[in-house]
1. If you take the residues in segment 189-213 that are assigned to a loop (DSSP other than H, G, I, E, B) and of a type in the set (Asp, Glu), which one is nearest to the ligand (Cβ to nearest atom)?
2. What number of residues in segment 7-62 are within 16 Å of the ligand (Cβ to nearest atom), surrounded by fewer than 18 Cβ atoms within 10 Å (Cβ to Cβ) and among the aliphatic types (A, V, I, L, M)?
3. Which residue, of GLY170, GLY179, GLY188, GLY203, is touching a Leu at 6+ places or on another chain (Cβ under 9 Å) and either among the aliphatic types (A, V, I, L, M) or on the phi > 0 side of the Ramachandran plot (or both)?
4. Which of the residues that make up segment 100-125 are within 13 Å of the ligand (Cβ to nearest atom) and surrounded by 17 or more Cβ atoms within 10 Å (Cβ to Cβ)?
5. Quick check on my filter: what residues within segment 127-175 are within 13 Å of the ligand (Cβ to nearest atom) and among the hydroxyl-bearing types (Ser, Thr, Tyr)?
6. Name the residues in segment 64-99 that are open to solvent by 30 Å² or more (accessible area, probe 1.4 Å), assigned to a loop (DSSP other than H, G, I, E, B) and farther than 30 Å from VAL193 by Cα, would you?
7. Give segment 214-232 a look and list any residue that's open to solvent by 40 Å² or more (accessible area, probe 1.4 Å), hydrophobic (A, V, I, L, M, F, W, C) and more than 9 Å from the ligand (Cβ to nearest atom), or say none.
8. Can you tell me which residue within segment 176-188, out of those that are open to solvent by 30 Å² or more (accessible area, probe 1.4 Å) and more than 7 Å from the ligand (Cβ to nearest atom), is farthest from ASP153 (Cα to Cα)?
Amino acid sequence: MGRDVIVACDFDSAEKTFAFLDRFHGRKPFVKIGMELYYAEGPAIVREIKKRGHKIFLDLKLHDIPNTVKKAMAVLSRLDVDMCNLHAAGTSRMMEAALEGLTRADGSRPLLIAVTQLTSTDEEIMRREILIERPIDEVVMRYALHAKNAGLDGVVCSPLEAGKVHESCGKGFLTVTPGVRFADGEIGDQKRVMTPAEAARIGSDYIVVGRPITAAEDPVAAYERCVREFVG
Ligand code: C5P
């Protein structure tokens with residue numbers, strides 16, 4: 001898979017999701033299904049979007065004891081998504097267990113990506129609330145290395161960190177970066193943001209874009225602008 005824009009379909013119903021996707025008339029953006037949509041509609045929504053020919057990133061950010069995550073991943077693996085994820089904070093053992101659960105009998109599996117620090121978190125919040133005293137860059141790099149050593153395919157991180165992740169984990173280790181905003185757009189609750197063009201320059205493999213596309217007056221034009229700025 002090459003560099004691509006992943007559209008975060010953060011909707012609360014299948015109806016709204018399909019109304020949104022129908023506007024693309026035959027174009028098949030890579031779609032992210034997150035907690036809101038998955039909890040509203042269950043696995044059926046994954047199957048339906050897949051049937052329409054979209055690639056799917058199932059963003060459920062698993063974080064539990066290794067055995068529970070392994071079994072949950074085994075079930076998700078049957079949905080035939082292209083990418084799924086978990087929290088690196090769940091430990092290396094949890095990540096290894098997840099990979100085991102995700103791998104099918106024939107050896108195939110979706111890409112598995114680890115969340116390092118949410119892009120809504122900054123160093124000040126980490127120190128004050130999560131009691132992590134180390135600089136955010138160091139935390140992200142350590143979590144990325146743990147993910148790589150556990151056999152995962154990449155990390156979710158801020159585009160601000162993608163370059164450094166590639167430096168320490170290698171170019172082939174994927175960086176999936178939310179927290180993307182147009183230069184003239186609203187930031188919302190994201191803290192560590194970058195434009196699609198900057199994300200491309202710094203070497204993100206995939207950008208995840210939600211509200212700048214879903215809340216735009218013309219979502220298809222916003223998607224196309226994103227692709228133009230990011231992929232070229
Ligand atoms: O609307 P917006 O562009 O902020 O959407 C970003 C999407 O990426 C959301 O679905 C959010 O859950 C997800 N995400 C994130 N930060 C992470 C991991 C996922 O914002 N570290």
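1. Restricting to residues being assigned to a loop (DSSP other than H, G, I, E, B) and of a type in the set (Asp, Glu), the top hit is ASP189.
2. Of the residues in segment 7-62, 3 are within 16 Å of the ligand (Cβ to nearest atom), surrounded by fewer than 18 Cβ atoms within 10 Å (Cβ to Cβ) and among the aliphatic types (A, V, I, L, M).
3. GLY179
4. Listed by number, the residues that qualify are ILE113, ALA114, VAL115, THR116, GLN117, LEU118, THR119, THR121.
5. TYR143, SER158, THR175
6. ILE65, ARG78, ASP80
7. Across segment 214-232, the qualifying residues are ALA221, VAL231.
8. ASP184
The values are calculated or read from the model by the stated rules, or taken from the named source; none is laboratory data. All figures in this text were calculated on a predicted structure; none of them were measured in a lab. Glycine gets a Cβ as well: all are built from the backbone with ideal geometry, and neighbour counts include every protein chain shown. Ligands, DNA and RNA are stripped out before the accessible areas are found, and what is left, the full protein with its side chains, is counted by its heavy atoms. Shrake-Rupley method; radii C 1.70, N 1.55, O 1.52, S 1.80 Å.
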